[in-house]
Amino acid sequence: MELENINPNVFKKSDERIITEKEWDESCIDPIDAREVFDLIRSINDPEHPLTLEELHVLEENHITVDNDKNEIRVLFTPTIPHCSMATLIGLSIRVKLLRSLPSRYKISVAITPGTHTSENAINKQLADKERISASLENSTLLEVVNQCIASRSNR
Amino acid sequence: MPQQLEVIQKLSVHRGKVWSANWHPSGKMFASCGEDKTIRIWVQDKDDWIMQAVLSDGHSRTIRDVAFSTCGNFLASASFDATVSIWDKKGAAFECNSTLEGHENEVKSVAWSVSGNFLATCSRDKSVWVWEITQNCEEFDCAAVLNLHKQDVKKVIWHPHQDILASASYDNTIKIYKEDPSDNDWICTATLESHNSTVWSIAFDKTGTRLASCSDDCTIKIWQQYEVGNEEGIITPDNEPVWKCVCTLSGYHDRSVYDISWCKQTGLIATACGDDHIRIFRESETSTKNEPIFEMETKILAHKQDVNSVKWCPSTPGLLLSTSDDGDIKLWKFNNA
């Protein structure tokens with residue numbers, strides 16, 4: 001298969017979360033925050049390159065919002081090129097990883113960073129349609145591709 | 001003061017999302033279906049609803065919708081496996097006697113015409129199929145394949161008195177169809193455009209001259225039919241009735257509205273929303289045909305996740321059925337019905 005974006009920009013990974021004494025304190029109220037959501041999805045693999053979505057700046061921590069009062073999580077992702085045909089698959093992988101990892105009370109939305117893709121509205125509508133998402137996850141071929149993107153590098 | 005909408009019973013037997021549930025025309029039985037690829041039949045035993053049967057050998061993927069025939073002797077199920085199964089009700093048992101194949105991928109909705117002459121199905125393949133039913137549901141012949149929507153078709157419903165069909169789609173529109181008496185071809189007589197996103201579900205009122213729709217754009221719309229030669233002087237091209245959006249209820253729902261049910265007895269409208277709530281609307285006393293007014297009577301946090309379907313009972317006023325992604329089915333009593 002021919003690569004669409006032969007030479008993507010690669011960025012430095014963010015540092016690991018610093019573990020402090022507080023992390024061991026059971027009584028500390030510790031709601032899920034943007035960094036925690038970012039940590040869940042930063043290592044998702046790009047379908048084309050042997051790189052993570054973080055290294056390609058498809059995902060950035062400051063594009064994730066968490067509203068714990070409304071139980072809403074919103075993730076914006078930025079395709080590396082504006083006509084990337086993999087954008088739907090990337091969005092689906094992010095959504096599936098979050099659906100599997102986060103408590104079911106959260107309403108999760110995954111959308112393209114405004115202005116970064118030529119078919120932004122069509123892809124966002126598809127990623128927001130829970131019936132299509134459910135049906136696509138019963139398609140074993142597609143599910144295998146999604147699972148490969150989600151599988152961490154060390155397991156490959 | 002008691003809550004306006006009270007839960008009577010919670011049924012937690014499905015595994016995973018419960019996509020839909022539908023009443024038997026008697027109102028004494030209903031069927032539910034979902035992600036676990038099963039259909040469950042529920043009947044009333046004194047005050048409790050109990051499970052009478054599990055139908056688990058019909059489909060290989062999610063069952064999206066179920067519907068009883070008007071005569072009450074048959075059940076149809078629509079699945080993501082691209083097929084529709086027809087089940088014969090034999091006393092307390094159900095037997096699958098036909099499988100309808102033809103759709104290319106996920107079947108999203110199934111509906112029986114009130115006359116008993118037709119069955120309609122729709123799919124992600126953008127088509128609506130009309131099946132003609134021979135006597136006693138022994139055979140289903142394809143009467144029409146309607147390829148008029150530009151995207152997946154989410155819902156099909158029949159008019160309460162005539163063989164008129166309506167469909168709702170991901171292409172943001174609703175379409176109305178009927179059989180052309182001159183050549184028995186099915187034709188689209190109207191396209192209803194006003195929603196800004198997917199139309200998830202539609203419901204006729206008891207007369208069939210009004211239609212309610214719910215959408216991913218978080219609104220509810222009420223549509224009025226104007227006959228040829230209507231007194232309002234609204235132009236009816238092609239000598240077919242036209243449908244006009246006469247009311248939009250916005251600002252009530254916070255997320256996608258997945259289902260809407262218009263009670264044929266009380267006139268109440270119930271909605272199932274992605275914000276986990278059920279809302280009940282009543283037409284105001286000052287409402288008119290051309291400028292209807294609907295007011296929200298109540299809003300309740302109904303489930304732990306998205307509410308996927310709501311259905312008013314056809315026999316007991318104020319009895320409501322709901323299903324959710326949280327795996328539960330709930331029965332509700334609306335106290336001001």
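Rounded to the nearest 500, what is chain A's calculated 222 nm mean residue ellipticity when only DSSP H runs of at least 4 contribute -39500 (n - 2.57) each, over all residues?
-9500 deg cm²/dmol
What do you get for Rg/Rh over region B:1-160 if you use C-alpha atoms and the Kirkwood form of Rh?
Rounded to two decimals, Rg over Rh is 0.98.
Let me check against my output: what whole-number percent is the relative contact order of region B:1-96, with C-alpha pairs under 8 Å and at least 6 apart?
It comes to 20 percent, rounded to a whole number.
At q = 0.11, 0.21 Å⁻¹, what base-10 log of I(q)/I(0) does the Debye formula yield for region A:1-120 when every alpha carbon is treated as an equal point scatterer in vacuo?
Debye intensities relative to I(0), on a log10 scale: -0.40, -1.24.
P(r) for the protein assembly as shown: what percent of alpha-carbon pairs falls in each 20 Å bin, starting at zero?
Bin by bin from 0 Å, the calculated values are 22, 52, 24, 2, 0.
Throw me the Rg/Rh for region B:5-334, computed over C-alpha atoms with Kirkwood Rh, two decimals.
That ratio equals 0.94.
Region A:82-137: which trypsin sites (Lys or Arg not before Pro) are DSSP loop and have at most 16 other beta-carbon atoms within 10 angstrom?
A:ARG105
Compute for chains A and B the buried accessible surface, both sides summed, probe 1.4 Å, and express it in Å² to the nearest 100. Each step should come with its number before you reach the end.
Working: alone 9770 and 14250 Å², together 22310 Å².
Buried: approximately 1700 Å² between B and A.
Given a cut-off of under 8 Å on Cα pairs at least six residues apart, what relative contact order in percent is computed for chain B?
14 percent
Could you please state how large a percent of the accessible area of region B:5-334 is carbon and sulfur, counting protein chains only and using a 1.4 Å probe?
Result for region B:5-334: 43 percent of the exposed heavy-atom area is carbon or sulfur.
Any idea what the relative contact order of chain A is, in percent, if you count C-alpha pairs under 8 Å spaced at least 6 apart?
In percent, rounded to a whole number, it is 23.
Looking at region A:30-155, how many pairs of lysines come closer than 16 Å at the Cα, when each pair is eight or more places apart or spans two chains?
For region A:30-155, qualifying lysine pairs total 5.
Taking only pairs that are 8 or more places apart or on different chains, how many Lys pairs in region B:223-337 have Cα atoms under 22 angstrom apart?
14
Sort B:MET51, B:MET29 by heavy-atom solvent-accessible area, probe 1.4 angstrom, most to least. The partial results should precede the final answer.
Details: B:MET51 75, B:MET29 15 Å².
Descending accessible area places them as B:MET51, B:MET29.
On a straight-distance basis, which aspartates and glutamates could pair with B:LYS28 in a cross-link, Cα separation under 14 angstrom, same-chain partners fewer than 8 positions away excluded?
Excluding near neighbours in sequence, the set is B:ASP45, B:ASP47, B:ASP48.
Can you give the net charge of the other residues whose Cβ lies under 12 Å from the Cβ of A:HIS63, counting K and R as +1 and D and E as -1?
-1
The values are calculated or read from the model by the stated rules, or taken from the named source; none is laboratory data. Because the structure is predicted, anything quoted here is derived from the model rather than measured. Heads up, the Cβs are rebuilt from the backbone with ideal geometry, glycines too, and the neighbour counts pull from every protein chain shown. Ligands, DNA and RNA are excluded from the accessible area calculation, which covers all protein heavy atoms including side chains. Shrake-Rupley method; radii C 1.70, N 1.55, O 1.52, S 1.80 Å.
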